[in-house]
Amino acid sequence: MEGIAKEVDTSADGPFVNGPLADKVPGRTSRTPAPGDSSRSTSDSPAGALTVEAICAELDTLESASVYNIETAYDHAVELERAAEELGEIVAALRARLIQADVRIRSGEVTAVVPVIWQVNQWADANGCRPLLARSHLLMARVYRDLGDVASTLEQMVSSMEALDEDTPSRIRLTHLMKLADALDESGSRDASHERYRQAERLAATIDVERHVAVLNNLAYSEYSAGDYERAWEVVERMLTISEARGYDPDTTIMDTVSRVQVGLGHYAEGVMTAEAGIEMYDSQELTQADSLPEALLTLAIAQRHLGTTRDAERNLSTLKDAQKTLDRARAICEEHGFVRILVQIKQEQAELYAASGDYRKAFEAYKLYHAAEKDLVSMQRAARAHTRQAMFEAAEARQEAERFREQARRDPLTGLRNRRYVDEHLPGLLADAASTGGAVTVALVDLDHFKRINDTCSHDVGDQVLVAIAKMLEAVPPCDTGASGFAARMGGEEFLLVLNGMTPTAAVAKLEDLRASIAARSWQSLTGDLPVTVSIGVTASQPHSGQAELLNLADANLYTAKHKGRNRVCATSGAAPVPTPSGDRRRHRDAPLPADTR
């Protein structure tokens, strides 16, 4: 058989895939079609001739396929939807519609399919169709992952698992279990993700080799992402051994993982060979997924960059030029299809490539573009909302896990504080309780003064350390031992929110003044050198009629006033109208440079 004949080389050249790379050159071997891949013309099976049983069998096959023949699967799903509608089979028609959406996601049309998926989700929820509900949540998770929203991906996968029942076929359960493992891994819950990968591997081994290899591939990439390249290679070896023993030919995704691990181990020439072979497979195979190609191209560019720094000057320049061409091709594909997550990684690699070429000015400019793109991606993650019904798992242990996953989605990953999603869910309730009891809730917006200067002068890593330190000080403000309550949240960038409940506004303002003074008096020299770290705070207290938007706007106006009066101060009102300020000027004033004589 022409599978991967793998050998572990313990010499200085290190582990690599021997021989079989040449065997996988396009034109010599085509990949074995996955279950459900259909290359037949839709005319082979006229819609009117299909029975309900035949339609459902076709849908079962397509839904369980890990990859599609993009060019034919969509048309086939359209045919099945039409046939199901003619027979009055609503569920089957909606299943076919979701398959069409799945094909479009895999071909790069990510955001365009959201309305279709969401309509099916709402129908399934209203009509108690659990398989359809689980499938729609799974596809929404794929959308959010492609958009870079890790928290919403995890929420959608939790919901998809909740919707499965005891009668769910093992191949469908495996798909959901593996995607949950992926989501947990990307959210940083490695222990939980590894447990799901182990469960998925046990289940996949009872189904077929393709799914078994897919689970191991994802596990290997998980170890690679964590920086444990030796363990990643152990999983790769196991994956390749199973592939060879069972006659399974590798695809682009598998070769991409192998190449990444080889690069991580420092075996750059082998990494280039493997990545190039994977790209050739993509170009030669009918079974394609749109984001696989830019991912593989990015991996090749990384391997070429590393290889280009280990050769003599002439070969070095040639290899680095090849890396730039590869990266340009990946960038063009991402910009065409809207692959935001991959595009951010490409911008980062561009900075690395300029630096490897010795052009440090361009490297610095490219890094700034990468950082701006990364911030835009974070903003998009924060704005995205999973409009789904969150239900508890039936079993007590499952319910606890679901709560833990949701907790992760409501925390800022850098500081550990609550995030805007938590604020939107909990602040309205606190205001309603205060209004009913005649109490008041004090709301304070805390903004670091001249934070951009710290980032630009010291580095963004130092800026992150300052944010974490400030967050710890904010978290200690609500006095839990006095019967008062509240929380601290990061609203974005260098802006935080403090909510204080169960104390008078006067007492709250006094605590905030103590906070401001403590931050200003703290020794920051080990982090920022001679640059001071101070905050401006805008404060207001709720009235019986106050709503969240009104309070935040008033606190924001008071924050502007604090900035306008010289920064490093607390400005408070008790529910009066905000100081008239053009809204477009507020943020600009906060970011304005501090005069030289006041630094």
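The values are calculated or read from the model by the stated rules, or taken from the named source; none is laboratory data. Given the structure is predicted, the values throughout are model-derived calculations rather than measurements. A quick note on method: Cβ atoms are made from the backbone with ideal geometry, for glycine too, and the neighbour counts reach across all protein chains shown. The accessibility values were calculated without ligands, DNA or RNA, using every heavy atom of the protein model including side chains. Shrake-Rupley method; radii C 1.70, N 1.55, O 1.52, S 1.80 Å.
Give me a comma-separated list of calculated 3J(HN,Hα) values for segment 334-341, in order, Karplus coefficients 6.51, -1.76, 1.60 applied at θ = phi - 60°, integers in Hz, x for any Gly or Pro.
Going residue by residue, I get 5, 5, 5, 9, x, 7, 5, 4 Hz, with x marking Gly and Pro.
Output wanted: per-residue J couplings in Hz (rounded whole) for segment 148-164, from phi through Karplus 6.51 cos²θ - 1.76 cosθ + 1.60, θ = phi - 60°, x for Gly and Pro.
For segment 148-164, the Karplus-derived couplings read x, 9, 5, 4, 5, 4, 5, 4, 5, 5, 4, 5, 5, 5, 4, 7, 5 Hz, x marking Gly and Pro.
How would Tyr248, Tyr229 rank on accessible area, largest to smallest, probe 1.4 Å? Can you show the working numbers first?
Details: Tyr248 20, Tyr229 80 Å².
Accessible-area ranking of Tyr248, Tyr229, largest first: Tyr229, Tyr248.
At a Förster radius of 56 Å, what calculated FRET efficiency corresponds to the Cβ-Cβ distance of Ser436 and Lys368, to the nearest 0.05?
Working from the Cβ atoms, E equals 0.65.
What do you reckon, how do Asp464, Asp167, Asp449 stack up by accessible area (1.4 Å probe), largest on top?
Heavy-atom accessible area, descending, gives Asp167, Asp464, Asp449.
Probe radius 1.4 Å, ligands and nucleic acids ignored: give me the carbon and sulfur share of the accessible area of segment 313-379 as a rounded percent.
It is 53 percent, rounded to a whole number.
Can you list the HN-Hα couplings for segment 567-573, worked out from phi with the Karplus curve (6.51, -1.76, 1.60; θ = phi - 60°), rounded to whole Hz and with x for Gly and Pro?
Those phi angles translate into 6, 6, 7, 10, 10, 10, 9 Hz.
Rounded to a whole number, what % of the accessible area of segment 77-225 do carbon and sulfur atoms account for, probe 1.4 Å?
Values: 2670 of 5250 Å².
Carbon-and-sulfur percentage of accessible area, whole number: 51.
Whole number in Å², please: accessible area per residue of segment 116-203, 1.4 Å probe, ligands, DNA and RNA not counted.
Per residue, segment 116-203 has 36 Å² of solvent-accessible surface.
I'd like the accessible area for Thr504: 1.4 Å probe, protein heavy atoms, all chains in place, Å² to the nearest 10.
Answer for Thr504: close to 80 Å² accessible.
Keeping every protein chain present and rolling a 1.4 Å probe, give me the accessible area per residue for segment 447-520 in Å². Provide the component values of the computation, followed by the final result.
Values: 2970 Å² over 74 residues.
Ligands and nucleic acids excluded, the result is 40 Å² per residue.
Points 7 angstrom from Cα along the Cβ direction at Arg198 and Lys321: gap in nanometres?
5.2
Round to a whole number: what % of the accessible area of segment 230-271 belongs to carbon and sulfur, probe 1.4 Å? Don't jump to the answer; show the numbers that get you there.
Numbers: 620 of 1430 Å².
The nonpolar share, carbon plus sulfur, comes to 44 percent.
Give me the distance in nm between label points sitting 7 Å out from Cα along the Cα-to-Cβ direction at Gln119 and Glu336, one decimal.
Between Gln119 and Glu336, the simple spin-label model gives 2.9 nm.
Could you please state, rounded to a whole Å, how far the C-alpha centre of segment 156-182 is from the C-alpha centre of segment 67-131?
So the separation of the two Cα centres works out to 18 Å.
On the full set of protein chains, 1.4 Å probe, figure out the accessible area of Lys362 and give it in Å² to the nearest 10.
Using a 1.4 Å probe on the heavy atoms, I get roughly 80 Å².
Which length gain, in nm to one decimal place, applies between Thr457 and Ile207 when the Cα-Cα distance is subtracted from 0.36 nm times their residue separation?
Gain on stretching Thr457 to Ile207: 84.4 nm.
Highest mean first, what order results for 139-145, 519-525 on Cβ atoms within 10 Å?
139-145, 519-525
Please tell me which of these pairs span more than 18 angstrom C-alpha to C-alpha: Lys321/Lys347; Lys472/Lys511; Lys347/Lys375; Lys179/Lys347?
Result: Lys179/Lys347 exceed 18 Å.
Tell me which residues come under 5 Å, amide H to amide H, from Arg418 once H is placed; ignore anything under 5 positions away on its chain.
For Arg418, the qualifying residues are Asp412, Ala488, Arg490.
List every residue whose amide H lies under 5 Å from the amide H of Thr534, counting only residues 5 or more places away in sequence or on a different chain, with H placed 1.01 Å from N in the peptide plane.
The answer is Asp449.
Just read off the accessible area of Val116 with the full protein assembly in place, 1.4 Å probe, to the nearest 10 Å².
Solvent-accessible area, nearest 10 Å²: 40 Å².
Could you sort Cys334, Cys458 by accessible area so the largest value comes first, with the probe set to 1.4 Å?
Cys458, Cys334
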